[in-house]
1. Select from the stretch 111-148 the residues that are at pLDDT below 90 and surrounded by 13 or more Cβ atoms within 10 Å (Cβ to Cβ) and list them in ascending order.
2. Going by what's in this entry, would PHE66 be described as over 24 Å from TRP41 (Cα atoms) and either touching a Gly at 6+ places or on another chain (Cβ under 7 Å) or surrounded by 15 or more Cβ atoms within 10 Å (Cβ to Cβ) (or both)?
3. For the stretch 59-78, give me each residue that is in contact with a helix residue (DSSP H, G or I) (Cβ under 8 Å, 6 or more places away or on another chain) and at pLDDT 90 or above.
4. Does ALA83 satisfy the criteria of being more than 23 Å from THR108 (Cα to Cα), of a type in the set (A, V, I, L, M, F, W, C) and without any contact (Cβ under 8 Å) to a residue 24 or more places away in the chain?
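The values are calculated or read from the model by the stated rules, or taken from the named source; none is laboratory data. These figures come from a predicted structure and were not determined experimentally. Here Cβ is always computed from backbone atoms with ideal geometry, including for glycine, and neighbour counts include all displayed protein chains.
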Amino acid sequence: MSPQMYIRTATGVLVACLVLVALAPGCATSTDRHHATNDTWQRTSIYFGRDVRGTDEVTLAQFNNFVDTHHAPHVDGMTIYDASGRYTSDTGHIESERSFVVTLLYPTTTERDTRRAIHTAATAYIARFHQSSVLVEHSASDVQFITE
């Protein structure tokens, strides 16, 4: 599946919200990491297809193991959704595939390193689970941490 052909109809049903250290970088309980004002951060959603060529699909346990190895060391937190996606294949057929969607929020000051880690994780997923691609979506996001 090429990224250009991926048509996302993410009917995301939240199956897990992993809080590894905090909800997002900079949102830990120590006062030096709180952001009292609105800041522009980056929001990245990564779409990991679950179909594995020649076998069943990637299980939640396999995916959690992958996340613990490839994402957890690089970000403070993430949200994971179980989604149902559709895309047009190279042959023109509409295909359906379950996906895991990982959403990250991180300060623009860490954008270069975070994007590098995302690229490394995506290529590792492609190799490990025999995928043709992983869709990565980046956007600016106005973030406000609301505290007491």
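1. Within the stretch 111-148, VAL143, PHE145 meet the criteria.
2. The answer is yes for PHE66.
3. Of everything in the stretch 59-78, just one residue is in contact with a helix residue (DSSP H, G or I) (Cβ under 8 Å, 6 or more places away or on another chain) and at pLDDT 90 or above, namely PHE66.
4. Details: more than 23 Å from THR108 (Cα to Cα): yes; of a type in the set (A, V, I, L, M, F, W, C): yes; without any contact (Cβ under 8 Å) to a residue 24 or more places away in the chain: no.
Considered against the rule, which asks whether it is more than 23 Å from THR108 (Cα to Cα), of a type in the set (A, V, I, L, M, F, W, C) and without any contact (Cβ under 8 Å) to a residue 24 or more places away in the chain, ALA83 comes out as no.
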